[in-house]
Amino acid sequence: MNLHEYQAKELLKKYNVPVQDGFACSTVHEAEDAYRQIKALYGSNFAVVKAQIHAGGRGKGTIKENGINGVKVGKSLEDIQDIAKKILGGTLVTKQTGPHGKVVNKILVAQDMYYDGPHERKEFYLSVLLDRSNGQNVIMYSTEGGMNIEDVAHDTPEKIFKEWVHPSGGLLPFQARKIAFNLGLSGDAFKNCVKFVTNLYNAYIGLDCSMVEINPLFKAADDKIVAVDCKMKLDDNALVRHSDLTSLRDTTEEDPTEVEAGKYNLNFVKLDGNVGCMVNGAGLAMATMDMIKLSGGEPANFLDVGGTANAQTVEAGFKIILKDPNVKAILINIFGGIVRCDRVAQGVIDAYKNLGNINIPIIVRLQGTNAEEAKKLIDESGLKVESAILLSEAASLVKKAVA
Amino acid sequence: MVQGFTGSEGTFHATQMIEYGTGIVGGVTPGKGGTRHLDRPVFNTVADCVKNTGADVSIIFVPPAFAADAIMESAEAGIRLVVCITEGIPTQDMVKVKNYLQAKNTRLVGPNCPGVITAGECKVGIMPGFVFKPGRIGIVSKSGTLTYEAADQVAKAGLGISTAVGIGGDPIIGTTTKEAVELFFSDPGTDAVVMIGEIGGGMEAEAAKWVKENKNKKPVVGFIAGQTAPPGRRMGHAGAIVGGADDTAAAKMKIMSECGIHVVQSPADIGKHMAEVMKK
């Protein structure tokens, strides 16, 4: 589950990780209040307005309607009002959102961290994530902050450091010190960084994150170390033990059909193609999508109906796929193991009849337990449904349907 | 032995395994020790079950929140092979398990997998047994139904299966693709291997490099699911997510081809291609 910056920062505060302070606002009026509070708390006229969407590249991205950037500094109440007005409700297009962009429902009005002081300001990069190759958590960090880390890794790999955390001991004090030394810190900044890294790792473990990324990790002119931005992803499998975090899910950030599919316990991902598919098992579902492409079509979705492909799930699957006007054919691919194919076939027939007029070709491929009986049921149903047993036969039927 | 023996999943699949001929000697459900289930003894702990029955393999059906504990309990009791079927175990729990197993003489298969089957002999898993016709082709796969699909195609092409290992689709799993391929290369009952992977992670590339280093001693036919998957999206399996440039299906297929693996583009061609390779 992805979180917004403002949500992630609230969670980090609970773990004593210093963050750039701010207030999440849904209206211009709230933004005005937030600005007044920040001015009172930090005594600066400057404040930053940051669009809250689940995508990176907000600072360089622009609001479609008026061309303003997704992150903007203001130095008066009038500035903040104007910026908030332009960003809220606007459609932010960044490198990561695609050309459609994402509507901004919330902004974060935050303190300005780039104030003057006795020391040099610096931007670093730091993230905690899982290293799949050895099953350990790793802290990845760099002196090159505020930039796209993939670019840093590509152009100057020697500037990226990794510190693996052994599961039995956790993050050890010497490791946190090593990170602060490698970032070139000394004095108060060094001490603050050690604390920051230690507390951030505790947050990562305590919240069951699958990733937390601080970019930039900022050294202010008074040697404070703070998270200016934070990208946080929670492990969906662990949400059962964090009932307080489930409410942080923002369904407006997700595709509405995907949200609806979730209500039926269907695993659905919307894609841009013209052939819908419904499959049991995630691997076979991906393989089916690949086969659709090789047959000359483009998959319109990923849909895993799971172990129980019955009339209810098939009907729900049909409804969800048929919402997409681009779909020109639907392929149902079920390998019956424990679930019997004739039962699935009956489910398809019942669902088809319940829905009435489906005007696009349906191809049903059932293989496994009772596959022959299932094919017979489909063929004798009188419905406009083509049946297949072999995957290669299904491929040819898809080819014909999209031709 | 079966952990989570008396639950609905445990009961259903234990019954199926017994029918297949698997020598199930008992099970564990904490609190139900001393009773009998499916005509077999139930114990409170894995250690009790091992002591009384001599079990050396365990299959786990306990819910995700307790599955990591169940795996470690088995390892502590000296179980040699643990097959964990459970889907949805929190990742940080598996970080602990992976570390815990390093000091133990226990092989873990899974979690989130269909299990292991030696065709016609023994099934420690949830796969439909009849699909796996006995023969001399090994299968290693991250996916359940795609394993059945491959086994069925292999059978239709006139060949059969020695053993199929479903290693699971999670980011952290016990037995890796490479380890399973290694086992097949040293198995006298296996002549060739079907290796089915999916997007995410680097296990297929690691296995392919190992195959090349071992001079392609046995032919390997490979397929990677997810050629059409968009980057950054989780496709059903928790581990099936393209994170960078080198864990896409195309990148994996390229490395596999370079290592001498017979890569098929279409999942419909796995059986046919294996038959062609075996004719040579």
PRE reach from A:Val103 (point 7 Å along Cα→Cβ): which of region A:250-290 fall under 14 Å by backbone N? A:251-257
Percent carbon-and-sulfur accessible area, region B:86-147, ignoring ligands, DNA and RNA, probe 1.4 Å: 52
How many percent of all Cα-Cα pairs in region B:118-251 sit more than 25 Å apart? 23
At a temperature of 37 °C and a viscosity of 0.692 mPa s, determine how fast the protein assembly as shown diffuses translationally according to Stokes-Einstein, using the Kirkwood radius over alpha-carbon pairs as Rh; express D in µm²/s, rounded to the nearest whole number. 121
May I ask you to derive the relative contact order of region A:83-127, considering only C-alpha pairs under 8 Å and at least 6 residues apart, and to give it as an integer percent? 29
What FRET efficiency, computed as 1/(1 + (r/R0)^6) with R0 = 35 Å and r the Cβ-Cβ distance, is obtained for B:Arg233 and A:His29, rounded to the nearest 0.05? 0.45
Any chance you could give the angle, 0 to 90 degrees and rounded to 10, that helix A:77-87 forms with the longest Cα principal axis of chain A? 20
How many Å² of accessible area per residue for region A:1-71, probe 1.4 Å? 45
State the dimensionless ratio Rg/Rh of region B:169-211 (Rg: radius of gyration of Cα atoms; Rh: Kirkwood radius). 0.97
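Cα-based Rg of chain B per 2.2 N^0.38 Å, rounded to two decimals?
This ratio for chain B stands at 0.99.
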Within region B:254-269, whose backbone N sits under 15 Å from a point 7 Å along Cα→Cβ of B:Lys212? B:254-263
Cross-link pairs A:Lys159/B:Lys252; A:Lys400/B:Lys156; A:Lys50/A:Lys231; A:Lys159/A:Lys224 - those with Cα-Cα distance over 20 Å: A:Lys159/B:Lys252; A:Lys400/B:Lys156; A:Lys159/A:Lys224
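Interface A/B, total buried accessible area with a 1.4 Å probe, nearest 100 Å²?
So the buried area, both faces added, is about 3700 Å².
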Per the 1/(1 + (r/R0)^6) rule, R0 = 22 Å and r from the Cβ atoms of A:Thr156 and A:Gln96, FRET efficiency to 0.05 is 0.50
Roughly to the nearest percent, how much of the accessible area of region A:248-335 is carbon and sulfur, given a 1.4 Å probe? 49
Can you pull a Stokes-Einstein diffusion coefficient for region B:95-173 at 25 °C (0.890 mPa s), Rh from Kirkwood over Cα pairs, as a whole number of µm²/s? 188
In the structure displayed, which of A:Lys375/B:Lys280; A:Lys293/B:Lys279; B:Lys96/B:Lys215; A:Lys323/A:Lys399 lie more than 31 Å apart, Cα to Cα? A:Lys375/B:Lys280; B:Lys96/B:Lys215
Rg (Å, one decimal) plus Dmax (Å, integer) for the alpha carbons of region A:146-190? 13.0, 35
Kirkwood hydrodynamic radius over Cα pairs of region A:296-399, then Stokes diffusion coefficient at 4 °C and 1.567 mPa s, in µm²/s: 95
Could you order the peptides B:177-184, A:151-158, A:134-141, A:183-190 from most to least packed, using the average number of other C-beta atoms within 10 Å per residue? B:177-184, A:134-141, A:183-190, A:151-158
Can you list the residues of region A:332-365 with backbone N under 12 Å from a point 7 Å past the Cα of B:Phe12, pointing along Cα to Cβ? A:337-340
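The values are calculated or read from the model by the stated rules, or taken from the named source; none is laboratory data. Since this is a predicted model, take the numbers as computed values, not measurements. Reconstructed Cβ throughout: ideal geometry from the backbone, glycine too, with neighbour counts over all protein chains shown. Accessible surface areas use protein heavy atoms only, side chains included; no ligands, DNA or RNA. Shrake-Rupley method; radii C 1.70, N 1.55, O 1.52, S 1.80 Å.
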